[in-house]
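What follows is a single structure, written as structure tokens, with notes after it.
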Amino acid sequence: MKVLSVVGARPQFVKLAPICRAFEEAGIEHIIVHTGQHYDPMLSDVFFADLSIPAPDVHLGVGSASHGKQTGAILAGMDDVLDENRPDWVLVYGDTNSTLAAALAAVKMHIPVAHLEAGLRSFNRAMPEEHNRVLTDHCADLLLAPTEVGASHLANEGLADRTVVVGDVMTDVLYQVRDLVADKPSPVADVTDGEYSIATIHRAENTDDPKRLEAILDALASVDHTVVLLAHPRLVAKAKDHGLSLDRGNLVSHEPLAYPDLVASCLHARGVITDSGGLQKEAFLLRVPATTVRPQTEWVETVELGWNVLVEPGELAAQASRPRPADVDDQPYGSGRAAQEVAKALTQAAR
Ligand code: UD1
């Protein structure tokens, strides 16, 4: 069996890592296509190097552009790649423009599509990620849901017969990396263990409106301990456009971290403040309290179990210093073997 994975953005490289290993173990031929949506070395190359992911077989090199142009460039670029490789499955990951474009390219060429991380919903139709995930789910042939909640959303949309719950592949890789960095000190200089929070802000809803971004930066600056802001290029670009400084009060900006360093920096932190989907879940898995700067989350289990709080900027500072919640043993994201379940589901559904 031949599977062609399409990835393009930072969280997709993380998800690709355990999939590569599981496919190798299962004897599945694997072609990797990198769309080029993310191209900065700290958003792309370091993930391939640190997570031992083979170099992509194909690089489309699309780069940054408006949603339509970026999605369109990937869609156009995929035709020849699919024609040359004729895989049994195209595997798409998560909810980026690369996900939607690759799914659409494959479905139009009658090549079966599997969507990894299917069924997540924020029900916020203003988010580009929500458009991407809903449209991808409805055009895919196999929906690999990370959780029962995801599967229930798919069932509500009439997609139950195409759904398999496999667990969350980010959990697989996080547990492996956590064990590797457990004895390493925090890679962030000039902070004291347990006395700083790690922050990331990059969502369009939080960065593109100058007033909203300024309110978030002011809130981060007024947290009662040091907040290390790992600045995504979108945030840096938007802050510059809006004339806003990323260093103020207790807020200190820092370049993005490689994945093992990110995990190590969280392990030594007292909290995580973020609008990322992946990081709020990673914080939960590492049992670090998360404060999420969004009105909804797709990872509702993190909130229900008491480890994540959704905030508006006005409540951010108070929530970021709330006491640690009660410990829980729940494993809503699986036990760290989701990638093997993906290999199994693809093999069974290909028959
Ligand atoms: C994308 C995904 C988002 C995901 C995020 C992870 C979409 C719609 N959004 O958002 O779901 O959470 O990736 O990081 O697909 N830039 C660079 N260098 C890069 C990449 C981007 O400088 O390597 C800058 C450019 O100014 C670019 C901006 O960041 O215009 C936004 O990049 P883009 O890929 O469009 O979206 P992300 O915000 O990264």
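Could you please tell me which pairs satisfy a Cβ distance under 6 Å, a separation of 6+ or placement on different chains, a first residue in the range 92-107 that is over 16 Å from Arg10 (Cβ atoms), and a second residue that is near the ligand (Cβ under 7 Å from one of its atoms) and in a helix (DSSP H, G or I)?
Correct list of pairs: Leu100/Asn132.
Which ones in the range 123-142 are in contact (Cβ under 8 Å) with a residue 24 or more places away in the chain, closer than 21 Å to Thr347 by Cα and of a type in the set (D, E, K, R)?
Passing the criteria: only Asp141.
Filter the range 217-236 down to the residues that are part of a helix (DSSP H, G or I), open to solvent by less than 10 Å² (accessible area, probe 1.4 Å) and within 15 Å of the ligand (Cβ to nearest atom) and list them by number.
Leu235
Here is a check on your reading of the model: is Ala338 more than 29 Å from Val134 (Cβ to Cβ) and at pLDDT 95 or above?
no
Evaluate the range 199-209: report whether one residue or more is under 13 Å from Cys266 (Cα atoms) and open to solvent by 70 Å² or more (accessible area, probe 1.4 Å).
Within the range 199-209, not a single residue is under 13 Å from Cys266 (Cα atoms) and open to solvent by 70 Å² or more (accessible area, probe 1.4 Å).
How many residues does the range 280-307 contain that are aliphatic (A, V, I, L, M), surrounded by fewer than 24 Cβ atoms within 10 Å (Cβ to Cβ) and in a helix (DSSP H, G or I)?
3
Could you please tell me which pairs satisfy a Cβ distance under 8 Å, a separation of 6+ or placement on different chains, a first residue in the range 4-21 that is free of Cβ contacts under 8 Å to residues at least 24 places away in the same chain and within 20 Å of Ala106 (Cα to Cα), and a second residue that is in a strand (DSSP E or B) and within 16 Å of the ligand (Cβ to nearest atom)?
none
Among the residues of the range 251-276, count how many are assigned to a helix (DSSP H, G or I), open to solvent by less than 10 Å² (accessible area, probe 1.4 Å) and of a type outside the set (Val, Ile, Thr).
The qualifying residues number 4.
Is it the case that Pro185 is more than 16 Å from the ligand (Cβ to nearest atom), open to solvent by 30 Å² or more (accessible area, probe 1.4 Å), in contact with an Asp or Glu (Cβ under 9 Å, 6 or more places away or on another chain) and under 27 Å from Asp50 (Cβ atoms)?
So Pro185 passes the test.
Which pairs have Cβ atoms under 7 Å, sit 6 or more apart or on different chains, and link a residue in the range 24-44 that is within 16 Å of the ligand (Cβ to nearest atom) to one that is modelled with pLDDT of 95 or more and among the acidic types (Asp, Glu)?
Val33/Asp57; Met42/Glu255
Pick from the range 308-322 the residues that are in a loop (DSSP other than H, G, I, E, B) and open to solvent by 10 Å² or more (accessible area, probe 1.4 Å): which of them is farthest from Leu213 (Cα to Cα)?
Looking at the filtered set, the residue picked out is Arg322.
In the range 237-249, which residues are within 15 Å of the ligand (Cβ to nearest atom) and either assigned to a strand (DSSP E or B) or not aliphatic (A, V, I, L, M) (or both)?
Lys238, Lys240, Asp241, His242
With respect to the numbered conditions (1) within 22 Å of the chain's Cα centre (by Cα); (2) open to solvent by 50 Å² or more (accessible area, probe 1.4 Å), which one is the sole condition not fulfilled by Ala160?
If we test Ala160 against (1) within 22 Å of the chain's Cα centre (by Cα); (2) open to solvent by 50 Å² or more (accessible area, probe 1.4 Å), just (1) comes out false.
Are there any pairs with C-beta distances below 8 angstrom linking a residue in the range 231-247 that is within 16 Å of Gly63 (Cβ to Cβ) and touching a residue at least 24 places away in the same chain (Cβ under 8 Å) to a residue that is in a helix (DSSP H, G or I) and of a type in the set (S, T, N, Q), with the two at least 6 apart or on different chains, and if so which?
Once the first residue is within 16 Å of Gly63 (Cβ to Cβ) and touching a residue at least 24 places away in the same chain (Cβ under 8 Å) and sits in the range 231-247, its partners that are in a helix (DSSP H, G or I) and of a type in the set (S, T, N, Q) give Arg234/Thr207.
Starting from the range 59-86, take each residue that is at pLDDT below 95 and open to solvent by less than 30 Å² (accessible area, probe 1.4 Å) and list its partners that are within 16 Å of the ligand (Cβ to nearest atom) and not in a loop (DSSP other than H, G, I, E, B), counting only C-beta distances under 8 angstrom and pairs at least six apart or across chains.
Once the first residue is at pLDDT below 95 and open to solvent by less than 30 Å² (accessible area, probe 1.4 Å) and sits in the range 59-86, no partner that is within 16 Å of the ligand (Cβ to nearest atom) and not in a loop (DSSP other than H, G, I, E, B) comes close enough.
In the range 45-55, which residues are assigned to a loop (DSSP other than H, G, I, E, B) and either touching a Leu at 6+ places or on another chain (Cβ under 6 Å) or touching a residue at least 40 places away in the same chain (Cβ under 8 Å) (or both)?
Leu51, Ile53
Is there a residue in the range 48-59 that is near the ligand (Cβ under 9 Å from one of its atoms) and of a type in the set (Ser, Thr, Tyr)?
The answer is no; no qualifying residue exists.
The values are calculated or read from the model by the stated rules, or taken from the named source; none is laboratory data. Keep in mind it's a predicted model, so treat the numbers as computed, not measured. Note that we place each Cβ from the backbone using ideal geometry, even for glycine, and neighbour counts take in every protein chain shown. The accessibility values were calculated without ligands, DNA or RNA, using every heavy atom of the protein model including side chains. Shrake-Rupley method; radii C 1.70, N 1.55, O 1.52, S 1.80 Å.
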